[in-house]
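The values are calculated or read from the model by the stated rules, or taken from the named source; none is laboratory data. In this text the structure is predicted, and so the values were computed from the model without any measurement. Reconstructed Cβ throughout: ideal geometry from the backbone, glycine too, with neighbour counts over all protein chains shown. When the accessible area is computed, the model is the full protein with side chains, heavy atoms only, and any ligands, DNA or RNA have been set aside. Shrake-Rupley method; radii C 1.70, N 1.55, O 1.52, S 1.80 Å.
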Amino acid sequence: MDDSFNCFHLPTVIADIGSRLQLDAQRIQAAVELLDAGNTIPFIARYRKEATKSLDEVALRQVEDWLHFHQELAQRKNTILKTIDQQQQLTPELRQQIEQCWDKNALEEIYLPYKPKRRTRATIARERGLQPLADILLAQKPIEQSRQRLLQQFVDPAKDVADPQAALAGACDIVAEVWSEDAAMRQWMFEESQHAMIRSQVKRGKKSDDSKFEMYFDHQEALKKIPSHRFLAMKRAEAEGVVNLSLLFDEDAVLRKLQRVWVTNPSFEFAAELRDTVEDCFRRLLLPSIETSVLSQLKEAADAEAIEVFAKNLRELLLAAPAGPKVTMGIDPGFRTGCKVAVVDGTGKFLTNTTIYPTPPKSDIDGAEQTLLGLIQQYQIELIAIGNGTASRETDQFVSKLIKQHRLPVTKVMVNESGASIYSASELAVSEYPQLDVTVRGAISIAHRLQDPLAELVKIDAKSIGVGQYQHDVNQTALKKSLDREVESCVNSVGVDLNMASSALLSYVAGIGPKLAANIVKFRDENGRFQDRSQINKVPKLGNKAFVQAAGFLRIRDGRNPLDNSAVHPESYYVVEKWPSR
């Protein structure tokens with residue numbers, strides 16, 4: 001048998017992706033070729049529209065995802081083929097079946113009978129020499145001797161087969177395992193499970209301690225209709241050891257079907273034992289396996305739906321309208337430790353900080369008023385950003401009353417402070433404000449979030465921004481990938497000021513990444529502001545490929561070339577320059 005396997009055939013993959021996305025093969029092929037050449041999705045979507053016939057970012061992400069799906073599927077097929085080939089059980093028919101399978105779960109079902117197994121009751125029975133007896137039971141043909149004489153042949157105390165009953169029990173274990181790997185019946189059971197109910201039941205002794213999950217103590221609903229958020233809540237209750245999840249089948253109907261399919265000779269001498277084996281196979285092997293598979297797929301679907309919502313929420317936060325370059329006061333509310341106050345100028349530069357105590361237990365209203373009035377007058381503050389965390393309501397009421405009483409020309413805004421504490425303790429925050437306390441950094445971040453939400457929020461791991469109730473319950477790898485993509489999309493759709501952007505913001509520009517972003521900031525600090533886009537070619541380790549990917553998304557205000565402050569890519573400047581001036 002051939003030792004090498006290659007199940008990845010690009011023309012077939014392109015045809016399959018085109019069929020799934022309802023797009024013609026030429027557009028898919030162009031997108032795949034551009035991705036394989038190392039081009040980023042934002043770059044392809046904006047600057048290679050002619051090649052893909054205007055595929056947008058959403059479509060390009062779908063192409064990329066399906067391409068990765070096929071690459072992973074092909075890799076898994078290759079592994080499976082090699083494993084079965086090493087067992088010398090790979091027939092041309094089986095190889096064709098595996099190569100033509102396009103579903104991961106179906107592929108695993110095909111592989112199941114050949115998959116190396118942990119030590120089971122069936123493997124122990126085989127070690128005891130009971131496979132020939134199991135073959136007789138599976139064949140269900142009339143035997144030419146008495147039951148007792150047949151079974152006696154397999155009795156071997158040296159192998160722990162003490163008597164005929166032990167021999168029969170071991171052979172039935174083998175039969176149950178063989179039946180449990182019947183691909184056709186597993187597929188039928190999986191389809192039947194789609195009409196099942198999902199049930200959650202409280203574990204013993206949990207009712208009094210876990211009231212937050214009380215609605216799931218004895219809950220059931222149709223598998224097809226359960227919304228993703230409720231399923232994720234049930235999974236959280238299960239993960240915390242409060243409830244057990246299971247599927248409710250019409251077990252009697254399923255067992256009748258299995259009996260008809262597997263016990264084909266009612267007059268067979270061991271028919272009664274085989275009927276008992278059917279039930280053992282169903283309850284011990286099939287049901288737990290199918291239940292695990294169904295709930296796993298339901299979890300994947302719930303994760304995908306939830307992650308889509310989280311990504312949408314993140315996008316709305318990132319693309320919230322910036323207040324702009326105005327002197328801003330950031331207040332991080334608190335009770336016992338007081339409210340941390342920081343002031344930044346129109347460029348975001350830190351000016352000063354203090355602490356006020358307008359909230360209990362000190363409730364120093366007069367002192368807090370004097371402090372804020374002094375800062376507002378001294379720095380001509382135009383905006384006040386208040387974090388929405390602990391004591392935010394009390395702080396907001398205090399500031400509102402202050403503005404109203406003194407008729408201050410100041411706008412007050414409540415700001416989402418999720419992740420501010422994580423940022424304030426991060427290496428980036430330490431490098432930006434090494435002399436300041438973490439609480440002051442948090443207040444600065446709150447002020448920056450009002451001035452420019454996108455520029456500030458990219459400094460924080462997207463998962464820490466707080467984009468959904470069950471974000472910690474979904475697949476974390478898939479969540480990070482989706483949120484990082486959303487940040488990348490937002491940053492490149494807006495564009496980045498090359499002379500003001502932090503390394504965190506620059507790292508999301510197409511083609512750059514964290515290391516090049518740090519090099520750009522270092523070069524800027526050492527050599528002054530960039531005068532034109534071509535200057536970034538002087539940044540260490542930033543080659544022409546990165547320049548081509550990034551240039552169109554970088555902006556230079558008041559530079560040598562007005563086009564450097566536009567979305568026109570340098571490769572197209574010659575076109576604009578040919579236009580007649582008026």
Checklist entry - Considering VAL491, VAL509, which residue is in a helix (DSSP H, G or I), in contact (Cβ under 8 Å) with a residue 24 or more places away in the chain and crowded, with 22+ Cβ neighbours inside 10 Å? => result VAL491
Next on the checklist: With the requirement that a residue be among the hydrophobic types (A, V, I, L, M, F, W, C) and open to solvent by 20 Å² or more (accessible area, probe 1.4 Å), what does the stretch 227-248 give you?
Outcome noted: ALA239, LEU248
Checklist outcome for this item: Per the list (1) assigned to a loop (DSSP other than H, G, I, E, B); (2) buried (at least 16 other Cβ atoms within 10 Å of the Cβ); (3) small (Gly, Ala, Ser), residue check on ALA321 breaks on (2)
Checklist outcome for this item: The one condition ILE124 fails out of (1) touching a residue at least 12 places away in the same chain (Cβ under 8 Å); (2) surrounded by 17 or more Cβ atoms within 10 Å (Cβ to Cβ) is (2)
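Please specify each residue of the stretch 395-421 satisfying the condition of being in contact with a Pro (Cβ under 7 Å, 6 or more places away or on another chain) and either in contact (Cβ under 8 Å) with a residue 60 or more places away in the chain or of a type in the set (A, V, I, L, M) (or both). Lay out the reasoning, then the answer.
Initial filter on the stretch 395-421 (in contact with a Pro (Cβ under 7 Å, 6 or more places away or on another chain)): 395, 398.
Of everything in the stretch 395-421, just one residue is in contact with a Pro (Cβ under 7 Å, 6 or more places away or on another chain) and either in contact (Cβ under 8 Å) with a residue 60 or more places away in the chain or of a type in the set (A, V, I, L, M) (or both), namely THR395.
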Item to check | Near pairs, Cβ below 7 angstrom, 6+ apart or cross-chain, from the stretch 131-152 (on the phi > 0 side of the Ramachandran plot) to any residue that is open to solvent by 50 Å² or more (accessible area, probe 1.4 Å) and assigned to a loop (DSSP other than H, G, I, E, B) | outcome: GLN140/THR264
Checklist entry - Quick check: anything in the stretch 238-252 in contact (Cβ under 8 Å) with a residue 60 or more places away in the chain and either under 22 Å from VAL175 (Cβ atoms) or basic (Lys, Arg) (or both)? => result no
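I'd like the full set of residues that are open to solvent by 80 Å² or more (accessible area, probe 1.4 Å) and either over 45 Å from the mean Cα position of the chain (by Cα) or of a type in the set (Asp, Glu) (or both), limited to the stretch 269-278.
ASP276
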Item to check | Residue count for the stretch 76-102, restricted to those that are free of Cβ contacts under 8 Å to residues at least 24 places away in the same chain, open to solvent by 70 Å² or more (accessible area, probe 1.4 Å) and either part of a helix (DSSP H, G or I) or over 13 Å from PHE8 (Cα atoms) (or both) | outcome: 5
Item to check | Failed item, numbered, when THR347 is tested on (1) within 24 Å of LEU314 (Cβ to Cβ); (2) part of a loop (DSSP other than H, G, I, E, B); (3) touching a residue at least 60 places away in the same chain (Cβ under 8 Å) | outcome: (1)
Next on the checklist: Cβ-Cβ under 7 Å, sequence separation 6+ or interchain: first residue in the stretch 422-433 and over 15 Å from VAL521 (Cα atoms), partner in a helix (DSSP H, G or I) and modelled with pLDDT under 90. Which pairs?
Outcome noted: ILE422/SER464
Checklist entry - Taking interchain pairs and intrachain pairs at least six residues apart, which have beta carbon atoms under 6 angstrom, with the first residue in the stretch 524-545 and farther than 15 Å from VAL496 by Cβ and touching a residue at least 12 places away in the same chain (Cβ under 8 Å) and the second among the charged types (D, E, K, R) and in a loop (DSSP other than H, G, I, E, B)? => result GLN531/ARG560; ASP532/ARG560
Item to check | Residues located in the stretch 148-203, provided they are touching a His at 6+ places or on another chain (Cβ under 9 Å) and surrounded by fewer than 19 Cβ atoms within 10 Å (Cβ to Cβ) | outcome: ARG199, GLN201
Checklist entry - In this structure, does ILE307 turn out to be under 30 Å from ALA171 (Cα atoms) and under 38 Å from the mean Cα position of the chain (by Cα)? => result no
Item to check | Any hit, the stretch 26-40, residues being among the acidic types (Asp, Glu) and open to solvent by less than 60 Å² (accessible area, probe 1.4 Å) | outcome: no
Checklist entry - Which of the helices (runs of 4 or more DSSP H) contained wholly in the stretch 416-461 include at least 2 residues that are open to solvent by 20 Å² or more (accessible area, probe 1.4 Å)? => result 420-424, 427-432, 438-451
Checklist entry - Do we have ALA306 as in contact with a Pro (Cβ under 9 Å, 6 or more places away or on another chain), in contact (Cβ under 8 Å) with a residue 40 or more places away in the chain, buried (at least 20 other Cβ atoms within 10 Å of the Cβ) and in a helix (DSSP H, G or I) here? => result no
Checklist entry - List pairs: first in the stretch 357-384 and farther than 29 Å from PRO325 by Cα, second open to solvent by 20 Å² or more (accessible area, probe 1.4 Å) and outside any loop (DSSP other than H, G, I, E, B), Cβ under 6 Å, 6+ apart or cross-chain? => result THR359/GLU394
